[in-house]
Structures are given as C-alpha cells and as structure tokens.
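What follows draws every value from the coordinates through simple rules; no lab data is involved. Remember, it's a predicted structure, so these values are computed and weren't measured experimentally. Cβ: placed from backbone, ideal geometry, glycine included. Neighbour counts: every protein chain shown.
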Amino acid sequence: MKNKILIILSLFSVHLAVLAESSDTKIQRAMAAAPQSISKQATIVDSNGEVLRKGENGWICMPDTMPGDKAPMCNDALWVQMMSAVATKADFNATGIGISYMLKGDIGSGVSNSTPYHPDHKNAEDYTETGPHLMIIVPKEMLKGITRDPKSGGPYVMWGDTPYAHIMVPVK
C-alpha cells in the first residue's frame, strides 16, 4: 500500500512538473506585450513577484496581468505605481502621463470597465475584453470628452469613476 501511494504521488509530481511553465516561456510571453525596443531591456516580474530577469530601462513586464491569465503587460514607472495602488486599494493621483502596453490583448481575461474590484468580472454588465492595446494614465482633467464606451471602436476610458482611471487605446 505504501508503495502504491508513493507511485501515485510521484506520477502526480511528474504531471505537475510538465504543466509548470518554464521561466523562459514566461519571459518570452512578457516580452511580447510591448515593442522589442522596450521589452528587450525591461525587468520581467512573475505574478508572484519573483524577478525572472533584471532589466535596465525602468520598464516592468509581466507574463500575466492577473496570476495565470496569460495576458502579458509592460508598464512604465507610473503604471507600476498605479498597479500597486490597485492591488492595495490605495488612493492614486496621476500627476503625469504613464504608459502600459498589452500588445497581446486581454481576450479571455477582461475586466469590468467601471471597477477593478468587481467580484466576478466575467459576469459584470460592463465586462470588456480588448485586443492589442495601449493604456495611458493621465491627470483626471485630461479624460474629459473621451467616451467610456469600450464598443466605440476607438480610445475609451476604463475605471473612470475610480482613482485608477486610464485611457484604453485599441491598436491593430
């Protein structure tokens, strides 16, 4: 009986090892989020905060926006600050312009367009997915006049009534 349990556990361990992604796979996916001119020298950080590769240009690229969603993104310093604020539900005030690339889009892992804290994004009335896009943080007063409708076909404001409001810019 003991041997059977050990065999089952070892087979299970092998199965999990096969399913685990390599660091190289994660780095390649993270780099695909932005133009190579940015991602080639960016720091790559895994969902758990582990630095997979140290970079030199101040950009942070991740293989997943949320753990396991496989929606890579690359963020400048202001976006890193904003994402940290979102993660801790802290206040955030955009005092400049910040850029984030998601050139692989977020198809299959979208969010509520009105709040980053919806308890079930995929069932939100305003659930949205965007193909390849840029995200731009600007001071709130610069958002006036930009639609909040993600189906407009052009740039739109996401999370507009939160401190984390930003412009989504679909690109092909």
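As a test, work out the antiparallel percent of DSSP beta bridges whose residues both lie in the stretch 24-172, rounded to the nearest 5. Can you show the working numbers first?
Working: 21 of 23 bridges.
Beta bridges within the stretch 24-172, antiparallel portion: roughly 90 percent.
Of CYS61, CYS74, how do they rank once you tally other Cβ atoms within 10 Å and put the fewest first? Mind showing how you got there, number by number?
Numbers: CYS61 28, CYS74 25.
Exposure proxy ranking, most exposed first: CYS74, CYS61.
Magnitude of the Cβ-charge dipole of the chain, K/R +1 and D/E -1, about the Cα centre, nearest 20 debye? Intermediate values should be presented prior to the final figure.
On the way: 16 positive and 17 negative charges, 90 e Å.
The dipole magnitude comes to about 440 debye.
For the pair GLU50/SER22, report the inter-label distance in nm, with labels modelled 7 Å from Cα in the Cβ direction.
Reported label-point gap for GLU50 and SER22 is 1.5 nm.
Using 7 Å Cα-to-Cβ label points, what is the HIS118/THR162 separation (nm, one decimal)?
1.0 nm
Which stretch or stretches of the stretch 85-125 have amide N atoms under 20 Å from the point lying 7 Å from GLN41's Cα along the Cα→Cβ direction?
Answer for the stretch 85-125: 98-102.
Sorted from largest down, give the three principal axis spans of the alpha carbons of the stretch 39-82, whole angstrom values.
26, 21, 15
Over its Cα atoms, what ratio of radius of gyration to 2.2 N^0.38 Å does the stretch 97-172 give? Provide the component values of the computation, followed by the final result.
On the way: Rg = 11.6 Å, N = 76, 2.2 N^0.38 = 11.4 Å.
Normalised Cα radius of gyration, the stretch 97-172: 1.01.
Using only C-alpha atoms and all pairs of different ones, pull out the Kirkwood radius for the stretch 22-170 in Å with one decimal. Don't jump to the answer; show the numbers that get you there.
Details: mean 1/r = 0.0650 Å⁻¹.
For the stretch 22-170, the Kirkwood estimate is 15.4 Å.
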